[in-house]
Amino acid sequence: MTQSNRQAIEGLRASLRGQLVLPEDASYDETRSIWNGMIDRRPAAIARCLGVGDVLACVNLAREAGLTLCIRGGGHNIAGLAVRDDALMVDMSLMRGVWVDPEGRVARAQAGCVLGDVDRETQLHGLSAVLGFVSNTGIAGLTLGGGFGYLTQKHGWTSDNVRAMEVVTADGKLVRASEDVNADLFWGLRGGGGNFGVVTGFEYELYPVGPEIVGGAVAWRGEDAPAVLDLYRSVLETAPPELACVAALRIAPPAPWLPADVHGRPIVALFVCHTGPIDRAESDVAHIKAFGSPVGDILQRRSYVSQQSLIDATQPNGRRYYWKSEYLPGVEEGLCAALVDQAERIQSPHSAILLFPLGGALNTLPQEHSAVGNRDARAVVNIAAAWDSPDHDDNNIEWARGAWRDARPYSTGGTYLNFLTEEEGDERVRSALGSNYERLTQVKARWDPHNLFRANKNIAPARAG
């Protein structure tokens, strides 16, 4: 870093309400650390923002000094987009306010919030936003990349359910983006990632959910996987939109709801969430609970908040993670056979092969409704490798790539932006955004013509003429 840039960063301190953390500070290593332990990068400075004014000061400094700018919300992205070497890191993880209007059914949340922050406040009113599956995931990255969860089949992508966003733009302005104001920016932000500005606040549409729902998990031994995946395919085809079901192939963890004799052995599990009326929900999931010979069953009445944190323990901070994924037109029998075969080759007790449902509301909207694209997808397969030691990097990464190669023939050709790793280049970003990509380059050219916001799954601005 040049001396002039060092001086500019030091000068930022006086403009912040929050804290400026530099490499020589005792808190630097902890502050730069994020969820994926594979990411070990050293920004030039970290601005721990306490409000929009702090964010705006950082954007202005980066633009004027020619600094690389990286943005942290929840810090949960698999690719580690929040951290860049020698960059000015805008850390919004302290900005976690949530305000709920139960009459208007809207929640306003700051960009540093994680899913659990929003769920806790909205569930006080028996309402929920359309969010993801892990309560420690940041809302900002989830929403800007599309976002899906237990409510997606009924209500669409997370980004389909945003009313408005508060955005700091590349030229240092604070603007509102919605269907009525700066509509092109609003369109691009709903799926195009962090390419167009720093979103400091979100307004989410809320829906009646819970507080009590029927949810949890049922697990069977690994040898039952082919039959259970047949059941899963049937559930996806026949279940009402209130019933979401995720399939997982993995090694059984030492969880208290699983008997000791299956710990460390292959299992197949269905994670189920039914947000309809309780009596109907119990009836709808009865055939799942009764199927075969389960080794564990915690599918029951529970709070929606507990459902939203049910799999948190499988994704602790600091573990090493590597993912590959594809959108699917459906869950075909041949895909299931390939995944069962790959599950037998899992290299780590923390890894899993996951199938997430998408079919429903998002398929009814036109492809150009928002930037997410890929509205023909009805499921997502995620090859989620996870392990503890750097010594095991090669084996786990190669397993994930092999499983992905076996799954690709069943893909729509598209993939989920938020599941892309750092190694995946422009071609994969284009496959995530589909036919909307060229329009996004135009939006980029208007709102960030000099590509200040480039430490992301980058979309280059369209060239003039």
Scan region 220-241 and give yes if some residue there is small (Gly, Ala, Ser), at pLDDT 95 or above, in contact with a Leu (Cβ under 7 Å, 6 or more places away or on another chain) and at positive phi, otherwise no.
no
Show me the helices (runs of 4 or more DSSP H) entirely contained within region 119-209 in which 3 or more residues are in contact with a helix residue (DSSP H, G or I) (Cβ under 6 Å, 6 or more places away or on another chain), open to solvent by less than 10 Å² (accessible area, probe 1.4 Å) and among the basic types (Lys, Arg).
none
It is to be established whether one or more residues within region 348-358 are within 29 Å of residue 219 (Cα to Cα), open to solvent by 70 Å² or more (accessible area, probe 1.4 Å) and either of a type in the set (Asp, Glu) or touching a residue at least 24 places away in the same chain (Cβ under 8 Å) (or both).
yes
Starting from residues that are basic (Lys, Arg) and more than 18 Å from the chain's Cα centre (by Cα), keep the ones in region 72-114 and report whichever is nearest to residue 420 (Cα to Cα).
84
Residues of region 210-243 classified as among the aliphatic types (A, V, I, L, M), in a helix (DSSP H, G or I), farther than 17 Å from residue 156 by Cα and in contact with a Pro (Cβ under 8 Å, 6 or more places away or on another chain), total:
1
Residues in region 1-38 that are touching a Cys at 6+ places or on another chain (Cβ under 8 Å) and not in a loop (DSSP other than H, G, I, E, B) total 1
I'd like to verify a number: residues in region 65-107 that are in contact (Cβ under 8 Å) with a residue 24 or more places away in the chain, open to solvent by 30 Å² or more (accessible area, probe 1.4 Å) and in contact with a Gly (Cβ under 9 Å, 6 or more places away or on another chain), how many?
6
Out of (1) open to solvent by less than 30 Å² (accessible area, probe 1.4 Å); (2) over 23 Å from residue 190 (Cβ atoms); (3) touching a residue at least 60 places away in the same chain (Cβ under 8 Å), what's the single condition that is false for residue 399?
(3)
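The values are calculated or read from the model by the stated rules, or taken from the named source; none is laboratory data. Remember, predicted model here, so these are calculated numbers, not experimental data. Cβ coordinates were reconstructed from backbone atoms using ideal geometry, including for glycine residues, and neighbour counts include every protein chain displayed. Ligands, DNA and RNA are excluded from the accessible area calculation, which covers all protein heavy atoms including side chains. Shrake-Rupley method; radii C 1.70, N 1.55, O 1.52, S 1.80 Å.
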